[in-house]
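Working notes, structure below.
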Amino acid sequence: MDNQIHIYVDADACPVKDETYKVAYRTEVRVTIVSNSHFRIPDHPLIDRIVVSDSFDAADDYIAQHSDQNSIVITADILLAERCIKNGARVLAYNGKPFTENSIGSAVATRAIMADLRAGLSNENIGGPKAFTRADRSQYLSALDRIITQMKRSASC
């Protein structure tokens, strides 16, 4: 494996693909878009696409199998984040909040509690995630740039 930084994007519902491309161009970091379906990506040597089968967790499995200490994984999926952190990858949510070794345990526990609540309240609406905002987009850009800068500094030491 080379020491090049590589971004993997869990792309089917990702609202920050264009922002990821812009950061990749500026920082010269490779990006792989992983999805269950085809959609347009920029024609650029740093950007590449993997279309997996539509079987459950196929995109997650691909990303988890390929992520390592030189990877940045972009996802909102807490269980995928946990798998990638175990591989040494840096993981960033679409709103710019990092998943870390210190935070992933409580995120997984909260996810399990919410799943139990949804199962018990099937006739009631307990709400979903908050709307994605311009501030989330800005926070994502800053966080991704910061992670890439940190990884490049560590690699040069």
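The values are calculated or read from the model by the stated rules, or taken from the named source; none is laboratory data. Computed from a predicted structure; not experimentally measured. For neighbour counting, all protein chains shown are included, and Cβ atoms are generated from backbone atoms with ideal geometry for every residue, glycine included.
One residue is enough: does the range 13-33 have a residue meeting the conditions surrounded by fewer than 11 Cβ atoms within 10 Å (Cβ to Cβ), under 13 Å from the mean Cα position of the chain (by Cα) and in contact (Cβ under 8 Å) with a residue 40 or more places away in the chain?
yes
Condition (residue is outside any helix (DSSP H, G or I), at pLDDT 95 or above and either of a type in the set (Lys, Arg) or within 12 Å of the chain's Cα centre (by Cα) (or both)) applied to the range 127-142: is it met by at least one residue?
No: zero hits.
Would you confirm whether or not the range 38-59 contains a residue that is within 13 Å of the chain's Cα centre (by Cα) and among the hydroxyl-bearing types (Ser, Thr, Tyr)?
no
Wholly within the range 1-115, which strands (runs of 3 or more DSSP E) include no fewer than the required count, namely at least 1 residues that are more than 20 Å from Leu144 (Cβ to Cβ) and at pLDDT 95 or above?
Where strands (runs of 3 or more DSSP E) fall fully within the range 1-115 and carry at least 1 residues being more than 20 Å from Leu144 (Cβ to Cβ) and at pLDDT 95 or above, they are 47-51.
Quick one: what pairs do we get from the range 38-55, first residue farther than 16 Å from Tyr8 by Cα, second outside any strand (DSSP E or B), C-beta under 6 Å, 6+ apart or different chains?
Partner pairs satisfying both residue conditions: Asp54/Asn36.
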